1. Among 98-108, 39-49, what's the highest-first ranking by average C-beta atoms within 10 angstrom per residue?
2. Within 10 Å, Cβ to Cβ, of residue 80, how many net charges do the neighbouring residues add up to if Lys/Arg are +1 and Asp/Glu are -1?
3. What angle do you read, to the nearest 10 degrees and between 0 and 90, between the alpha-carbon axis of helix 133-167 and the longest principal axis of the chain?
4. I want to check the label-to-label distance for residue 45 and residue 162. Put each point 7 Å from Cα in the C-beta direction and report it in nm to one decimal.
5. With a cap of 14 neighbouring Cβ atoms within 10 Å, and only residues DSSP puts in a loop, list the trypsin sites (Lys or Arg not before Pro) found in region 109-169.
6. Got a sec? How would 144, 9 order by Cβ neighbour count within 10 Å, fewest to most?
7. Quickly estimate the mean residue ellipticity at 222 nm for the chain, helices only: each DSSP H run with n ≥ 4 gives -39500 (n - 2.57), and the total goes over all residues, rounded to 500.
8. ³J(HN,Hα) across region 34-50 via Karplus (A = 6.51, B = -1.76, C = 1.60, θ = phi - 60°), whole Hz, x for Gly/Pro?
Amino acid sequence: MTAFTYAEVGATLHEPLPAGYRHLHYRTYVGGEDVFDRAAEAILTFGMHRRTGARIRTEAGRAAPGVRLTVGAGPLSVPCEVVWTADEKDRAGFGYGTLPGHQATGEEAFTVERDARGRVWFSVTAFSRPATRLMRLGGPAAVVAQHLYARLCGRALKKLCAESRTVDP
C-alpha cells in the first residue's frame, strides 16, 4: 500500500478542498474545441510537464492510478503518485499526491475541459502545506512558486497545442 503523506487522497476531484491546507485554483483558456485531444494527450503523457522544463522521471508513459513519478525543478526533486485520472469526452487529466520525501504534503490536479460552447480550458487545482522545515521557512516564496508553476504549465500547454496545430493536416 502506498504511504501518501496526507489523508485526503483523491480530494482534488471535488469541492470543497480539505481545510487546513493552502488552496490553489488556476484556470486559463487554451483554445477552441479542435485543441482538446492534443491538450488531453499532452497532460496525460506528462508532455506538458516536460515542456515546462521540469525533469520528469516516471515508470510509465501515461498517467494512471498508482503510477509513480518524480518531478524535478532546479535543486528540488519531489516524489508523487498518480491517484486518479480522467480520460472522458470533455474532460481529461490527473491528480497526483505527495509521497515521503516531498517538501510539501497534499495533492495537485491538472485537467483540461471542453465547455458547452466548445472552448477548452486548462485548470490546476491543489491543496498543500509544508512538510519540511525548509518549506515552512520558504513560506510565501513556496506559495508563489506553486502559482508560477501552474501558470508555466498553462503556457506550455498552449504552446504544445499551437505547435501541433501547425503540423496536423
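All of the numbers you see were taken from the coordinates with simple rules; none came from a lab. Note that the structure is a prediction, hence the values are computed from the model and not measured. Heads up, the Cβs are rebuilt from the backbone with ideal geometry, glycines too, and the neighbour counts pull from every protein chain shown.
1. Going by the mean number of other Cβ atoms within 10 Å, highest first, we get 39-49, 98-108.
2. Numbers: positive: 68; negative: 81, 107, 108.
It works out to a net charge of -2.
3. 10
4. Label at residue 45, label at residue 162, 2.1 nm between them.
5. On the way: sites: 114, 117, 119, 133, 136, 151, 155, 158, 159, 165; in loops: 117, 119.
Passing sites in region 109-169 are 117.
6. With the sparsest Cβ surroundings first, the list reads 144, 9.
7. About -9500 deg cm²/dmol.
8. Listing the rounded values in order: 5, 9, 4, 4, 5, 5, 4, 5, 5, 6, 5, 9, 6, x, 4, 4, 5 Hz.
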